1. For the range 228-244, how many residues are in a helix (DSSP H, G or I) and over 19 Å from Ala106 (Cβ atoms)?
2. Of the numbered conditions (1) at pLDDT below 95; (2) closer than 27 Å to Arg262 by Cβ; (3) in contact with an Asp or Glu (Cβ under 6 Å, 6 or more places away or on another chain); (4) aliphatic (A, V, I, L, M), Ile41 fails exactly one; give the number of that condition.
3. For Arg337, only one of the following conditions fails: (1) among the charged types (D, E, K, R); (2) away from the ligand (no atom under 16 Å from the Cβ); (3) under 22 Å from Thr156 (Cβ atoms). What is its number?
4. Please go through the range 131-149 and give me each residue that is within 16 Å of the ligand (Cβ to nearest atom) and surrounded by fewer than 23 Cβ atoms within 10 Å (Cβ to Cβ), ordered by number.
5. In the range 25-60, which residues are without any contact (Cβ under 8 Å) to a residue 60 or more places away in the chain and in a strand (DSSP E or B)?
6. Select from the range 194-218 the residues that are in contact (Cβ under 8 Å) with a residue 24 or more places away in the chain and crowded, with 17+ Cβ neighbours inside 10 Å and list them in ascending order.
7. Is it true that some residue in the range 116-128 is within 14 Å of Ile218 (Cα to Cα), away from the ligand (no atom under 13 Å from the Cβ) and either crowded, with 23+ Cβ neighbours inside 10 Å or of a type in the set (D, E, K, R) (or both)?
Amino acid sequence: MKPTAMTKTKQLETLDKDHYLHPASVPGQKPKMIFKEGKGIHVTNTDGDRYIDGISMLWNVNLGHGQKELAEAARQQMDSLAFASSFAGYSNEPAIHLASTLAEWAPEGLNASFFTSGGSESNDTAFKIARFYWQLKEQPQKTKFLALRQGYHGVTIGAGTATALHGFHRFAGTHIPDVLHATPHLTACEQGDRNHPQFSESLRALIEAEGADTIAGIIIEPIQGSGGVYMPPEGYLQAVRDLCDEQNVLMIADEVINGFGRTGAKFAVNHANIVPDLMCLAKGITSGYAQLGAVMIHDDIKTVLDTFGQVMAHGFTYSGHPSACAVALKNLEIIERDRIIEQVQQMEHVMTNGLRYLEERHEVVHLSRNKGLIGAFELFQSREREERFPAEWKTGLDFVDMCFDKKLILRALGGADGKSIVALAPPLIITETEIQSMIERLDDALSVFETKYC
Ligand code: PLP
């Protein structure tokens, strides 16, 4: 008997539950949905149901699903040289071309790249490069890192320590020492206002308390993603840049979500016109079609590294993976050729208007925000009284399930802080009509939500 799609799904669910321990999921639960195919902004499950991917899977499938040219770039490279070592002085053409193309894309002064397999590895690598730099500068005591509350930097022990989201820390409880967290976006404090009521929670206060001679760097997401999609106020990133210069501390920009057009610029630091010392990349570098990350290194640091003259004992088997780099090169080529960043700038307004429309129609929608095609809104019991829903109701998760029923995939954030934040980050190729369709589904889901909770 030929299995129907339904029975096949049931079989897969059982195999999944018994054998596949998922990342960031409840162990032992059957999968919510098994993806089978994707085309543009849509994904289809094993039963043939089609969904809008409103969050680009993990904020990474920027050119959308089923992009044949990326598949072809991988195929061609795998056909000629699938893998080559980059250790011990070996190199390969795609890695060389990608490193030089990234130097053209990045803010001036960031001209060298160290390749990794993803965002966590990029951030860990940035921490190690920063410490190594200070050793070479004969300041080996500069080992500490500052990060921001609500920040997400990955899950390896180094990057995971910098991540400030409670659930990720509860998981195994092992942290590297010397990572401290400050309250984000205290622009006036970073500019030196000691009378500010929250001064003691600022980056500047932390540097002063610990001693600048012990601090290697500050890591920040220019626009915070998984912590809740928080935009820095005007002037904040410049204030952090100035603070780093003044205190002789390296600025590490985590552009893992932000980079490659997501925010309507090549990199989010471009909006503030600042140049970080190290810039961490992943996700959108290949639009998720291959596992790749990079740390871009400023000339001032690279020059110092070049004086070492011995083996820099750090690297991953897949650093500079030729097939992944070939996919990234094609991805960058398409972004430029198809003027994807200009398109994101145009679609930014469509998303803003869509979110405003939802605020007008639904009392529960509050604090909507977006830059380029990364955005969010929050669910409030009362906008007027600034009253959130009780945390234990988990309204954010419930609402994204309601969206799921309307065939729209989104993500709920902020639950551990008692917030119900709904994040939106559709593929950058989304059209105006498709954004409107997303908004219509949100509108319907919000009506269901209001019937249940209001
Ligand atoms: N940094 C940021 C800003 C991220 O959003 C993520 C992942 O979501 C990471 C780092 C970690 O990347 P990866 O999951 O590829 O290790």
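1. Counting residues in the range 228-244 that are in a helix (DSSP H, G or I) and over 19 Å from Ala106 (Cβ atoms) gives 4.
2. Single failed check for Ile41: (1).
3. (3)
4. Selection gives Arg149 alone.
5. Within the range 25-60, Phe35, Lys36, Glu37, Gly38, Lys39, His42, Thr44, Asn45 meet the criteria.
6. Restricting attention to the range 194-218, the residues satisfying the condition of being in contact (Cβ under 8 Å) with a residue 24 or more places away in the chain are 203-204, 206-207, 210, 212-218.
Residues satisfying the conditions are Leu203, Arg204, Leu206, Ile207, Ile215, Ala216, Gly217, Ile218.
7. Yes, some residue in the range 116-128 is within 14 Å of Ile218 (Cα to Cα), away from the ligand (no atom under 13 Å from the Cβ) and either crowded, with 23+ Cβ neighbours inside 10 Å or of a type in the set (D, E, K, R) (or both).
Results for (1) out of contact with any helix residue (DSSP H, G or I) (no Cβ under 8 Å at 6 or more places or on another chain); (2) of a type in the set (Val, Ile, Thr), shown as yes or no for each residue.
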{"residue": "Gly375", "(1), (2)": "no, no"}
{"residue": "Arg385", "(1), (2)": "yes, no"}
{"residue": "Lys394", "(1), (2)": "no, no"}
{"residue": "Met402", "(1), (2)": "no, no"}
{"residue": "Pro427", "(1), (2)": "no, no"}
{"residue": "Thr433", "(1), (2)": "yes, yes"}
{"residue": "Ser437", "(1), (2)": "yes, no"}
{"residue": "Ala445", "(1), (2)": "no, no"}
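The values are calculated or read from the model by the stated rules, or taken from the named source; none is laboratory data. Note that the coordinates shown come from a computational prediction; the quantities given were computed from them, not determined experimentally. Note that we place each Cβ from the backbone using ideal geometry, even for glycine, and neighbour counts take in every protein chain shown.
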